[in-house]
1. Fully extended, how many nm does the chain gain between R233 and Y174 (0.36 nm per residue separation, minus their Cα-Cα distance)?
2. Please list, in order along the range 161-168, the HN-Hα scalar couplings obtained from phi with the Karplus expression 6.51 cos²θ - 1.76 cosθ + 1.60 (θ = phi - 60°), rounded to whole Hz, x for Gly and Pro.
3. Normalised by the number of residues in the range 123-240, what is the relative contact order in percent for Cα pairs under 8 Å and 6+ residues apart?
4. Name the shape class, rounded, prolate or oblate, that the alpha-carbon gyration tensor gives for the range 265-306, where a ≥ b ≥ c are the square roots of its eigenvalues, rounded holds for a/c under 1.5, and otherwise prolate holds if a/b is larger than b/c and oblate otherwise.
5. Going by amide H atoms built from the backbone, whose H comes under 5 Å of the H on V197, apart from near neighbours?
6. With a bin width of 5 angstrom, please list the P(r) values of the range 105-200 as percents of all Cα-Cα pairs, from the 0 bin to the one holding the largest distance.
7. Hey, rough spin-label estimate for N240 and V99, points 7 angstrom out along Cα→Cβ, what's it come to in nanometres?
8. Once amide H atoms are placed 1.01 Å from N in the peptide plane, what residues at a sequence separation of 5 or more from Y221, or on another chain, have their amide H within under 5 Å of its amide H?
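Quick note: the coordinates plus some simple rules give every number you see, no bench work behind them. This one's a predicted model, so the numbers in the text were calculated from it and none came from an experiment. Virtual Cβ from ideal backbone geometry, glycine too; neighbours counted across all protein chains shown.
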Amino acid sequence: MFLKILTAYFRFHIFIPIVWESRGVSSAPDGDYVPPDYSKNKLEPHRLKGARWELELKNPVTVYFAMDILDISQLIITNSDFRLDMNIKLKWTEESLGVPDGLFLDNEPNDTKITTDGDVLKDLWTPDLYLPKGRSSAIESLTSDQKSVTIFKNRTIIFTANVFMVIGCPLEFYWYPMETQTCILTVESYSYADDKVIFAWDYDSHTVPVKLPQNFKLRQYYLQTPLSISDGRRHRFGRNETYSRLTVTFIFQREIAHSLIQSYVPTFLIVALSWFSFWLGLEAIPGRVSLIVTCMLTLVTLYSGQKGDLPAVSYVKMIDIWMAGCLGFVFAAMVLI
């Protein structure tokens, strides 16, 4: 048995490489064999499939974008992001699109359409969506990816998909727990400048291009509606070109009811309780000290619990000023004993 293993090792690791090298084929360090005329400065044709598309383009392609937001996950403070579940719609017209003979009849109107699987776009040019603040995104799937493509006779293509996006949002807590957080979703093209691709909001359906579900509510925040949408241009690092972009602004305003019940009302009552020490007789020094020390420790415990709900920041928040004021009143009562 050992002799068979040794023979097989000699055959595949010593004899075969010698034969390949004798035929003019070199062995790469990682074990892959490459032809002797291989060059890293040679462009392979299959890598450049459709590369002349932008050279032959006479006018920029206008890509119309719309989204139907299904759900917004709670703003995650520790990660500084939030998740969007939505249906997106991309529409553009490609006049040079080659359509197979017989797919559409000559006597059919231009709005004649067929709906097919989204994989048909693998062999066609598609807008390369780029989310500058996106943490992650993907097309949802169950039995298959939830996407579809509609092709019209006039060469208009509509791509729809059910997707989720995790969007980063720089959070500020100066006014916590009465702060307002502003998060911006930006959509643009990654590869093509605005002389090739222009993004625009889709108003064709006679509705707003960004739709929210009815009676939408978040657990701790109130989302201001209607959402602010805009379009524009921007320069990108390392490229001397401008790129078309679309922006949606989400403004989250924290609901104050939770903080009133959990923070403000209890701390106010504790401070008021510490003032009861003034009603005790002058001879009840131990009782007065015990009451004030208990109030002080309770405030510190509540303050520590509040800090655990927020990431560590290097500035003073409004809740810090409130708690410091409460501790100051209780400490003043201690001094006056």
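1. On the way: separation 59, 0.36 × 59 = 21.24 nm, distance 3.12 nm.
Between R233 and Y174, full extension yields an extra 18.1 nm.
2. Values, residue by residue: 7, 9, 10, 10, 9, 9, 10, x Hz.
3. On the way: 93 pairs, mean separation 27.7, N = 118.
Relative contact order, the range 123-240: 23 percent.
4. Numbers: a/c = 5.92, a/b = 2.04, b/c = 2.90.
The shape class here is oblate.
5. Distant-sequence amide H within range of V197: V61.
6. 2, 10, 14, 16, 17, 14, 9, 7, 5, 3, 2, 1, 1, 0
7. Roughly 4.2 nm, to one decimal.
8. When sequence neighbours closer than 5 places are left aside, the close amide H contacts are E255.
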